[in-house]
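Asks: Below are the structure tokens for one structure; questions will follow.
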Amino acid sequence: MERVEVLLVEDDPNDADLVLHVLRKNNIANEVHVVEDGKEALDFLFCRGDYSDRDITHPPKLVLLDLKLPHVQGHDVLKQVRENEKTRSIPVVILTSSGLDYDITKGYKLGVNSYVQKPVDFDEFQKAVELLGRYWLTLNKTSIE
Amino acid sequence: MSYFRGDTTRDVVSIYMTMNQESDTVLIDNHRISSRLPSSLRRWVPIGLVIVTGLMLTALIFRMAEESEWSVLVAGVGFTFLFAAYMVLLLGRTAQVERTVVERTAELEKEIAERKQAEIKIQEQYEDIEIHALELEAANNELQQTQGKLLEANLSLEEKVKERTAELELANKELEAFTYSVSHDLRAPLRHINGFSKILHDEYQEQLPDEAKGYLNRIAQSASNMGMLVDGLLNLSRIGRKDLEIASVDLNNIIGGVKAELEPEMAGRDIEWQIGELPKVECDSVLIKQVAVNLLSNAIKFTRNSSHAVIEVKPLPNSTPGFLVKDNGVGFDMNYADKLFGVFERLHRKLEFEGTGIGLATVQRIISNHNGRIWAEAEIDKGAAFYVELPFSNVEEKEVS
């Protein structure tokens, strides 16, 4: 199984398609896995349920996390990822429509690496996703390569 | 006896009356002493004495004449004469004293009558005062009752205000939550419209006729504009909720930083900046920066048609804390100046100058949250000037609920 580079946690298929379009078009990431709710995201990251055959020692290079999610909210996903020794160091970037101070502060308190609000204008959206992808997938170093 | 039991006026009157009565008693006593003996007796006793003495002396003289002692006789007659003269003088003096006593008595009686009169007057006044005192007391009671009622009303009013405030706060929170959720949830579909129309435009260029591409551009542009509107509204509502973080801020740094940030908007433009030495002010630096961004980008935008734009940023006169931003752009009609700071108010056509109509409303809200003042002066085609005045210091912290 090819190693997943980006885990996209996004319940809105339109947003998911836009992100995928930018990542693929700019050849930033080929292996992007999309999950539509927080519970599935946790199953993927902790290699359980449908993802029990995954290897936990091969985490994604980047998790793009939306906040408003069914079942388990984005902040709770982040909290559980940071509480577990095995998943603690995975880079997580919140990519959301919300620009609420509360959401931003809570995100950083829970240990998010970066917080990006999705711009309405697609040119800016494209720029933001491209920048994020290039930084975290090529420039940034993680302990497991 | 204690004169000052509380009612001073009454006591003063009673003291005065007592004093009057005492002095009257003295006068009357004097009169009594002088008229202790009946006047007829007082007149006849000395005369009687003179006659008796005269008779006795005459007897003595005749006795002396019998014994032919003339020298003694002469002495006796002389003595008698002297005695008689003394008695006459004494009688005259008594009569004078008596007259004086009568006169004095009359005077005293007159005085007593006058004093009685005065006393009656004082008594009347005293009664008047008592009536007034009663009236005053009644008025005082009424006042106290009114005060009590007022206090009660105040308390219930305070209760009502508290209830109403709580209700309003709740309503406000709900409204904020609603605004936020609307703004937030509106952004997602706008992003999709904008995104997919742009992808369609870019990726399928060859297959699309120019007209279709034009429409796609319009769709993308409209979605983008609406996105800016939503962001502007979101920002405006956020400012209303934000607590001010007041610190001493150097306006020179703020203006310098904002000007640098706005460089991309000035590309290809001939703009002369005249920036004066600005003061330090007490404000929330993040919010004042937003004010500066709005005012400077407006100045850049509305001088777009000037061949040589001049933008001034100067301190306010008389060392008033704040600053002014003046340009030589299109200006506006001062008749519409009151609309300038309203939400969604625009004084220029959209095709001429883009914008959401939220910027200056946001600026005004920020300044009024600082207890400051903003106003503008302008003339069509001559330019506009915006004056931002902040309080000197000790900006009231906004109450946090």
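Asks: Restricting attention to region B:313-354, which residues are in a loop (DSSP other than H, G, I, E, B), of a type in the set (Asp, Glu) and exposed (fewer than 14 other Cβ atoms within 10 Å of the Cβ)?
Replies: B:333, B:352, B:354
Asks: Kindly indicate whether residue A:20 is at pLDDT 90 or above, among the hydrophobic types (A, V, I, L, M, F, W, C) and more than 22 Å from residue B:202 (Cβ to Cβ).
Replies: No.
Asks: Here's another thing I want to ask about it. Check region B:305-318 and report whether any residue there is in contact with a Gly (Cβ under 8 Å, 6 or more places away or on another chain), at pLDDT below 90 and of a type outside the set (A, V, I, L, M).
Replies: The answer is yes; a qualifying residue exists.
Asks: Of B:197, B:181, B:156, which residue is of a type in the set (Ser, Thr, Tyr), part of a helix (DSSP H, G or I) and surrounded by 18 or more Cβ atoms within 10 Å (Cβ to Cβ)?
Replies: B:197
Asks: Name, by its number, the condition in (1) of a type in the set (A, V, I, L, M); (2) within 28 Å of residue B:44 (Cα to Cα); (3) not assigned by TED's automatic domain parsing to the domain that holds residue B:44 that does not hold for residue B:157.
Replies: Of the numbered conditions (1) of a type in the set (A, V, I, L, M); (2) within 28 Å of residue B:44 (Cα to Cα); (3) not assigned by TED's automatic domain parsing to the domain that holds residue B:44, the odd one out for residue B:157 is (2).
Asks: Within region B:159-174, does at least one residue satisfy the condition of being in contact with a Gly (Cβ under 6 Å, 6 or more places away or on another chain) and in a helix (DSSP H, G or I)?
Replies: No: zero hits.
Asks: When you look at residue B:234, is it in contact with a Gly (Cβ under 6 Å, 6 or more places away or on another chain) and either hydrophobic (A, V, I, L, M, F, W, C) or more than 9 Å from every other protein chain (Cβ to nearest Cβ) (or both), yes or no?
Replies: no
Asks: Name the single residue, out of those in region A:106-127 being within 15 Å of residue A:66 (Cα to Cα), within 14 Å of chain B (Cβ to nearest Cβ) and without any contact (Cβ under 8 Å) to a residue 40 or more places away in the chain, that is surrounded by the most Cβ atoms within 10 Å (Cβ to Cβ).
Replies: Across region A:106-127, the extreme among qualifying residues is A:119.
Yes/no matrix, rows are residues, columns are (1) within 14 Å of chain B (Cβ to nearest Cβ); (2) assigned to a loop (DSSP other than H, G, I, E, B); (3) surrounded by fewer than 17 Cβ atoms within 10 Å (Cβ to Cβ); (4) polar (S, T, N, Q):
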position	(1), (2), (3), (4)
A:47	no, yes, no, no
A:57	no, yes, yes, yes
A:60	no, yes, no, no
A:71	no, yes, yes, no
A:79	no, no, yes, no
A:90	no, yes, no, no
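The values are calculated or read from the model by the stated rules, or taken from the named source; none is laboratory data. Just so we're clear, the structure is a prediction, and the values are computed from it rather than from any experiment. Virtual Cβ from ideal backbone geometry, glycine too; neighbours counted across all protein chains shown.
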